[in-house]
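Each reported figure results from applying straightforward, stated rules to the coordinates on display, with no laboratory input. Please read all numbers here as calculations on a predicted model, not as lab measurements. Don't worry about glycine lacking a Cβ; one is built from the backbone with ideal geometry, like all the others, and counts go over all protein chains shown.
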Amino acid sequence: MPKSKKKIFDYKKDRAWVENVYIVTQLGLTMAGCIGFCFFVGLYLDKWLGTKGVFITIFIVLGVVGGANVVYRQILEITEQKDSRIDSNNGDA
């Protein structure tokens, strides 16, 4: 008798979970990218100007603040899209 194949991943069933993982990953990479970019700009400026960590510190703080701002705007955009989908679905009923 052949064994029945069990699906490991069913996109229709797991769609909400996958979308949430995608959103969290996108937000995390956005934050890490902003901090990493600012770190390397600060590192370059410290080497160029001969300072010892001053610009790294300043630019890491700017990266955290800037990354948080971008992530916040992304979250607002995502929630507005979900709200508009919910409103359009309720309007059809």
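For this structure, a couple of remarks:
- Report summary: the helix-based calculation at 222 nm, which adds -39500 (n - 2.57) for every DSSP H run with n ≥ 4 and divides by the residues of the chain, gives -31000 deg cm²/dmol.
- HN-Hα J in Hz across region 53-65 - Karplus 6.51, -1.76, 1.60, θ = phi - 60°, x for Gly and Pro: x, 5, 6, 4, 4, 4, 6, 5, 4, 4, x, 5, 5
- Comparing Ala32, Ala68, Ala16 in a Gaussian network model of the chain where C-alpha atoms under 10 Å apart are linked, the largest mean-square fluctuation is found at Ala16.
- Across q = 0.20, 0.31 Å⁻¹, region 1-46 modelled as identical point scatterers on its alpha-carbon atoms has Debye log10 I(q)/I(0) values of -0.75, -1.00, in the order of the q list.
- At R0 = 30 Å, FRET efficiency that the Cβ-Cβ distance of Val54 and Leu29 yields, to 0.05: 0.60
- In this structure, Asp10 and Gln81 have a Cβ-Cβ separation that, at R0 = 22 Å, corresponds to a calculated FRET efficiency of about 0.35.
- Acute angle (nearest 10 degrees) that the helix 11-49 long axis makes with the longest principal axis of the chain, alpha-carbon atoms: 10 degrees
- Solvent-free Debye scattering, log10 I(q)/I(0), computed from the Cα coordinates of the chain at q = 0.18, 0.20, 0.25 Å⁻¹: -0.88, -0.97, -1.15
- The relative contact order of the chain, computed from alpha carbon pairs under 8 Å that lie at least 6 residues apart in sequence, is 25 percent.
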